[in-house]
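Here is the structure we will look at.
Coordinate-derived values only; no laboratory data. Everything numeric in this text was worked out from a predicted model, so none of it was measured. Cβ sites come from the backbone with ideal geometry, for glycine too, and all protein chains shown count toward neighbours.
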Amino acid sequence: MQVISATKLDSLLTGWRNGSSAYTALADRIRLLILDGRIPVGARLPAERDLAVRLVVSRTTVSSTYARLRDTGYLSSVRGSGSVARLPGSLGAPVEPGGGGLLDFSKAAMPASPLLAGAAVRAAQDLQQYLGGAGYDPVGLPQLRVAIAARYQSRGLPTAPGQILVTLGAQHAIALLTRHLMDRSDSAIVESPSYPHAYEAIRAAGRRLVPVNVTTEDGWDDDALQQAFRRTSPAIAYLMPDFHNPTGRVMGEDQRRRVLAAAERQGTVVIADETMAELAIEPMDVPLPLAAYGPAVLIGSLGKTIWGGLRIGWIRAEEPMIGQLVRARSASDLGTPILEQLIAAELLGSYDQILAERRDQLRVGRDHLIAALHDRIPAWSVPSTAGGLSLWANLGRSVSSQLTLAARQEGLLIAAGPRFGIDGAFERFLRLPFSYSIEDTDSAVGMLQRAWDRVGQGRLAPDPELLADVV
């Protein structure tokens with residue numbers, strides 16, 4: 001069981017006092033941390049006395065806080081075992097987002113490509129020829145690996161099919177690489193902010209994260225990156241150099257070379273997550289894939305470009321590593337489904353058409369969201385982006401978690417800024433996807449405006465009926 005110390009919880013609770021009664025404000029913030037996944041379900045919270053001392057509040061305040069969380073189903077307490085984080089109406093399993101009529105903007109994703117259904121029909125017809133075998137495929141269908149390798153060729157990176165391992169999406173690829181490349185005592189360079197599920201995969205076996213800042217204004221902190229390599233000699237560095245999630249930044253060619261040179265000096269394996277790499281919105285000179293500038297392992301996926309429900313991703317690496325990963329994979333899964341691979345191979349034949357349609361859709365969505373936010377919430381700083389699926393808005397105040405809770409009460413699910421950081425950072429920021437319909441975007445902005453007004457006026461009331469998780 002994971003134990004959350006009073007010191008750790010204090011770091012996650014930054015800015016929890018919002019003008020309402022202390023125990024109400026504290027309960028609301030802990031509830032949000034559980035819903036956001038920053039306090040894992042099943043984790044044990046600190047003892048009441050320890051937390052009271054750390055927060056400089058009375059023990060009565062903490063006792064009332066825990067009692068409120070127990071009453072609303074977010075905490076269970078057993079004498080001798082402490083207080084454990086829960087979700088209402090569950091036995092510890094996260095509740096699926098989007099229930100209860102809530103508008104779910106917690107995901108930067110798009111609905112399925114219109115070409116998906118037809119590709120699925122054709123793939124189902126092709127499936128017949130594979131039914132005589134066992135159906136377990138730990139490497140990937142040859143035609144799909146050829147198609148993925150050809151895609152890299154078209155982007156200027158020579159690639160052989162033997163350098164490709166097909167996975168169950170990008171998250172599976174991250175987890176597989178992390179388990180293979182790291183020992184329990186190893187550290188990993190990560191961007192801050194970054195994709196939260198990558199943090200989780202790297203931390204899964206107790207890995208130490210070394211964060212390096214990325215901003216919408218300046219991109220990657222080059223000095224901090226170089227120092228992180230020299231001082232920590234990390235086993236891996238997990239980066240998203242193309243349309244970084246959530247800032248939208250693209251790493252320049254010179255910095256790519258410097259990063260890879262520093263990694264090579266320290267014996268660090270650089271993992272580049274390219275799930276956003278081909279989602280350019282504006283015409284621009286996008287650098288070559290990171291592995292064109294030096295040794296790097298690349299991760300790709302169809303989840304952001306075609307559909308999240310098509311669980312196809314891949315790893316591009318040198319052939320000896322691919323062989324090692326295939327052998328290591330059997331400990332966690334026995335291969336990628338054949339039918340989904342056949343669908344993916346069909347769709348990659350029309351990938352340029354799909355990407356062109358996606359770019360048009362995202363350009364309209366981005367421009368509309370920026371205009372709506374400038375009109376409805378002019379106090380926010382909302383930088384544009386040349387690609388990706390979301391904006392990284394600066395709220396100007398450290399109230400992202402409060403705003404997220406207020407937005408839930410208006411009917412909107414959205415991920416707080418600290419979801420993308422480490423130890424409670426980014427309370428001034430909010431990730432805003434522009435991949436939704438114009439109607440849903442207008443509804444979401446209206447809810448955000450009302451939530452922003454409530455936070456500004458100190459009218460944030462608890463609502464124990466909001467049970468959705470944020471992903």
(request) Work out the P(r) tail for region 238-296: percent of alpha carbon pairs separated by more than 12 Å, whole number. (result) 65
(request) Just need the relative contact order of the chain here, percent rounded to a whole number, with Cα pairs under 8 Å and 6+ apart. (result) 20
(message) Below 8 Å between Cα atoms, with a sequence gap of 6+, how large is the relative contact order for region 111-187 in percent?
(response) 21
(request) Could you please state, rounded to a whole Å, how far the C-alpha centre of region 157-233 is from the C-alpha centre of region 382-398? (result) 23
(request) Set the Förster distance to 41 Å, then compute FRET efficiency between Ser330 and Val53 from the Cβ-Cβ distance, nearest 0.05. (result) 0.25
(request) With mean projected area of the Cα convex hull in nm² in mind, check (1) 48.1; (2) 26.4; (3) 22.6 and report the label derived from this structure. (result) (3)
(request) Assuming 1.306 mPa s and 10 °C, estimate D for region 106-209 with Stokes-Einstein, Rh taken as the Kirkwood radius over Cα pairs, in µm²/s. (result) 93
(message) Just to be sure I follow the definition: excluding the sites themselves, where is the longest run in the chain that has none of the GluC sites (Glu not before Pro) in a DSSP loop with at most 10 other Cβ atoms within 10 Å?
(response) 218-464
(message) Under 8 Å for C-alpha pairs, at least 6 residues apart: give me the relative contact order for region 327-416, rounded to a whole percent.
(response) 13
(message) Please compute the length gained on full extension between Gln128 and Thr14, using 0.36 nm multiplied by the number of residues separating them and subtracting their Cα-Cα distance.
(response) 35.3 nm
(request) Specify the angular offset, from 0 to 90 degrees and rounded to the nearest 10, of the alpha carbon long axis of helix 351-376 from the longest principal axis of the alpha carbons in the chain. (result) 20
(request) Give the calculated FRET efficiency between Glu357 and Ser77 to the nearest 0.05, with a Förster radius of 51 Å applied to their Cβ-Cβ distance. (result) 0.45
(request) Would you mind finding the longest exposed-site-free stretch of the chain, with exposed trypsin sites (Lys or Arg not before Pro) meaning DSSP loop and at most 10 other Cβ atoms within 10 Å? (result) 185-471
(message) How much length would be gained if the chain were fully extended between Arg257 and Asp367, taking 0.36 nm per residue of separation minus their Cα-Cα distance, in nm to one decimal?
(response) 36.3 nm
(message) Please list, by residue number, everything in region 428-449 whose backbone N is under 20 Å from a paramagnetic label point 7 Å out along Cα→Cβ of Ala379.
(response) 428-432, 444-449
